[in-house]
Structures are given as C-alpha cells and as structure tokens.
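Asks: Here it is: the structure, laid out below.
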Amino acid sequence: MIARHLRSLDLLATAVVILDQELRVVHINQPAEVLFGASSRLLEGSYLLEVLDVAEEVEEMLNQASSQMFESKRLQCDWQLPMRGSVELDSTVSVHLEEEGVVLSLELREIAQQRKADREVHQADLTHANKELLRNLAHEIKNPLGGVRGAAQLLDRELPSDELREYTQVIIKEADRLQGLVDQMLAPHRRLRVMESVNIHEVCERVRSLMLAEFPTGLVIKRDYDISIPDLRGDREQLIQVVLNVVRNAAEALAGEGEIVLCSRIARQVTISKKRCRLALDLHVIDNGPGIPEELRERVFYPLVSGRPQGHGLGLTLAQSYVHQHGGLIDVESRPGRTDFLIRIPIANGATTP
C-alpha cells in the first residue's frame, strides 16, 4: 500500500502529493511543502482544488484520474502558488488501486529546475571533454614550443647586434608566456589533491585579502557569511584557487571599481550531477558590474573563451575543473548590474546516491 511508503517520499527530490479519490490531500512530502509554501498539517485533509489555484487543464486531468480514465498522464503548465505566483511545472498524475480504494499520486517538477539539472549534467560532460582537450593540447604545444625557445636562444648568441637580438628576445618571451599558459592547462592534473578539513570562510578571507591588495582602491568586497556552516573536506589550495579565480574574474569585469559580495549559505536536499546531497555549501560571488555578454553566457566555462582582449580564458575553466573534482558544481546567472557565480560543494557525509 502507498501508505507504507509515505515516509520514503520525503527522500525524493521532487514534490509529491498523495490524493484520495475525492481529491483530498492525504500526504505531501517535504519538497512539496517547500514548493507550496505550506506545511503538511495545513494541507492534509483539505481539497486540493480549494487550497490551490490550478489551471483548468490540471483540474480536468485530476478529475479524469479520479474517474480512472487513465493510469498515468503528464502535463506541463503554469500553477499559481501562494508564495511564488505563477510557476511552470511538469505535472504527472498516476492512478493506484489500493485496498482502501483509488489513490492518486501527483508528482511536480519545476521546469526551470529540470533545465538547470540538465545543464549540470551537460556541464559535467563538458568538464571531462575540456580536461582531455586541454591535456592533449598542452602536450602537443609543449614539445615544439621548447624547440622554438631553444633555437631562439642559440640564434640570440650568434647575432652580431643588440638590435637584432630584440627580435629573438620577443620570441623567447612569447615562448615563456605560452609555456605559462600550458602549465595552467595542466595544473589540475599534475598535483595530487591533499584532502583535509577546510573552513570555507578562511578561504574567503584569504582571497579577500589578496584581491584587496591587488585592487587597493575602488574595489569593495563585502562579507555575508553563515558562520554556522561546518567545515567541508577538500583540498585547501584548490579551493582557494577556485574562489580566487572567480573573484578575480569579477574584479576584472568591474575594472577594479565596484562591489563584490561573498555570500555563504547551507543548501539542503539538493541534487548535484544526479546525486542526492543532504547538505551542501552554497558560496555566491556576486558583483554589480555590467554582466556577462549574452553571447558568452553559455560558454564562460569553455577553455580559451574570454570577454576581455587580454584574458586567456582559463581561470573559470580551471575553477570548474577543481569544483567538479570536489563533487560539486559551478554555475552563473548574469544580467546588467548583477552577476552571481554559485559554487556548490557537498559537505562531508552529505552526499548520497539517488
């Protein structure tokens, strides 16, 4: 019987409502409470169509289910939710014949969240592809680059005048610059991670000090920390590099003149790359700059993609690689006047498979 499994519904990531044949609420799980902005005590025993303003097609689907006109049906439409207004939901209703009679299960997924979950999976696949691309590209560049630099050094010694040596010095300096880029490409794969207990606010304070020293005038970095967040298990140096790359990206977008907010929060019962996580860190890096150009928003984590002429386009790619090595995700929402990078990492003992 469904009644035996009501408690297990709270473990699901999606909102589930159990209805009797009269469309009275028998049970709602925790994600449904969050979605509706109401407790189970308030809703259970009430008629769903009386407490929620549903679209006509949803009401028709529920009535048909109550009359056992189908076993399962799916519909995408807007729901008017008390606390949030109009929200587009993917709604699936299924009919179950139990000892106590007809029971309906209504499963609700936010379309926006589903798209975001799909984007996370795509991002994870992209990170793996980027890693292989960068590794192969770096090795293909490294060997001939060393030959070019060595030949330029030999030629530099044979040239008769300083004027001619200026050209070989350009070759040597550019070869060194490219070598630096290659080293950055290989950085995530060279060093073994050192896992330890890490306080994310110590990481943020370290980055904040570095950035204020780099941009001593015009840049304001505010703190909005939830100090109750427990330590997470991770590689301290990698996490510093992640936050540093994202904050530096924001500071450069602001041209050193503007405001950045470091905001830490706890996220509960979230899904990261199809894995359920009971507890996770959400670190937001928010700036009030011009925003990411629309044509770059879907590609900001791609290697060698940069919105600045002097940028090499590796900072966010490396940050993404490090975050994924910690089982987390990094995402961004941007509009003129507000860009919000979200770094989400599971906290120790919080990750569970679905």
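The values are calculated or read from the model by the stated rules, or taken from the named source; none is laboratory data. Quantities reported herein were computed from a predicted structural model and do not represent experimental measurements. A quick note on method: Cβ atoms are made from the backbone with ideal geometry, for glycine too, and the neighbour counts reach across all protein chains shown.
Asks: Would you call Arg248 over 14 Å from the mean Cα position of the chain (by Cα) and more than 14 Å from Ile221 (Cβ to Cβ)?
Replies: Criteria not met by Arg248.
Asks: Can you name every residue in the stretch 11-35 that is surrounded by fewer than 19 Cβ atoms within 10 Å (Cβ to Cβ), modelled with pLDDT under 85 and not polar (S, T, N, Q)?
Replies: Within the stretch 11-35, Leu11, Leu12, Ala13, Glu33, Val34 qualify.
Matching residues to (1) part of a strand (DSSP E or B); (2) on the phi < 0 side of the Ramachandran plot; (3) at pLDDT below 90; (4) surrounded by fewer than 19 Cβ atoms within 10 Å (Cβ to Cβ):
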| residue | (1), (2), (3), (4) |
| --- | --- |
| Val242 | no, yes, no, no |
| Ala250 | no, yes, no, no |
| Leu281 | yes, yes, no, no |
| His284 | yes, yes, no, yes |
| Leu304 | no, no, yes, yes |
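Asks: While we're on this one: Scanning for something among the polar types (S, T, N, Q) and surrounded by 15 or more Cβ atoms within 10 Å (Cβ to Cβ), does the stretch 67-75 turn up at least one residue?
Replies: no
Asks: Go through the stretch 214-237 and give me each residue that's part of a helix (DSSP H, G or I) and either in contact with a Leu (Cβ under 6 Å, 6 or more places away or on another chain) or at pLDDT below 90 (or both).
Replies: Glu214, Glu237
Asks: Can you tell which of Val95, Val87 is within 21 Å of Leu12 (Cα to Cα), within 27 Å of the chain's Cα centre (by Cα) and in contact (Cβ under 8 Å) with a residue 12 or more places away in the chain?
Replies: Val87
Asks: Residues in the stretch 287-300: is at least one at pLDDT below 90, more than 26 Å from Val182 (Cβ to Cβ) and among the polar types (S, T, N, Q)?
Replies: So far as the stretch 287-300 goes, no, none of its residues is at pLDDT below 90, more than 26 Å from Val182 (Cβ to Cβ) and among the polar types (S, T, N, Q).
Asks: Here is a check on your reading of the model: is Gln325 surrounded by fewer than 18 Cβ atoms within 10 Å (Cβ to Cβ) and at pLDDT 85 or above?
Replies: Yes; evaluated as a whole, the condition is true for this residue.
Asks: Just for the stretch 252-261: of the residues that are among the hydrophobic types (A, V, I, L, M, F, W, C) and either surrounded by fewer than 22 Cβ atoms within 10 Å (Cβ to Cβ) or not assigned by TED's automatic domain parsing to the domain that holds Thr317 (or both), which one is nearest to the chain's Cα centre (by Cα)?
Replies: Among residues in the stretch 252-261 that are among the hydrophobic types (A, V, I, L, M, F, W, C) and either surrounded by fewer than 22 Cβ atoms within 10 Å (Cβ to Cβ) or not assigned by TED's automatic domain parsing to the domain that holds Thr317 (or both), the one nearest to the chain's Cα centre (by Cα) is Val261.
Asks: Mind listing whichever residues of the stretch 47-58 are under 35 Å from the mean Cα position of the chain (by Cα) and either surrounded by 15 or more Cβ atoms within 10 Å (Cβ to Cβ) or not in a helix (DSSP H, G or I) (or both)?
Replies: Leu48, Leu52, Asp53, Val54, Ala55, Val58
Asks: Against the definition (of a type in the set (Gly, Ala, Ser), in contact with a strand residue (DSSP E or B) (Cβ under 8 Å, 6 or more places away or on another chain) and surrounded by fewer than 19 Cβ atoms within 10 Å (Cβ to Cβ)), how does Ser209 come out, yes or no?
Replies: For Ser209, the condition - of a type in the set (Gly, Ala, Ser), in contact with a strand residue (DSSP E or B) (Cβ under 8 Å, 6 or more places away or on another chain) and surrounded by fewer than 19 Cβ atoms within 10 Å (Cβ to Cβ) - is not met.
Asks: Let me confirm something: among Arg208, Arg236, Arg278, Arg248, which residue is among the charged types (D, E, K, R), touching a residue at least 60 places away in the same chain (Cβ under 8 Å) and in contact with a helix residue (DSSP H, G or I) (Cβ under 9 Å, 6 or more places away or on another chain)?
Replies: Being among the charged types (D, E, K, R), touching a residue at least 60 places away in the same chain (Cβ under 8 Å) and in contact with a helix residue (DSSP H, G or I) (Cβ under 9 Å, 6 or more places away or on another chain) holds for just one of Arg208, Arg236, Arg278, Arg248, which is Arg248.
Asks: Being at pLDDT 75 or above and not in a helix (DSSP H, G or I), is that true of even one residue in the stretch 309-318?
Replies: No.
Asks: Would you be able to tell me the number of residues in the stretch 160-182 that are in contact with a Leu (Cβ under 8 Å, 6 or more places away or on another chain), under 11 Å from Arg149 (Cα atoms) and at pLDDT below 85?
Replies: Count: 3.
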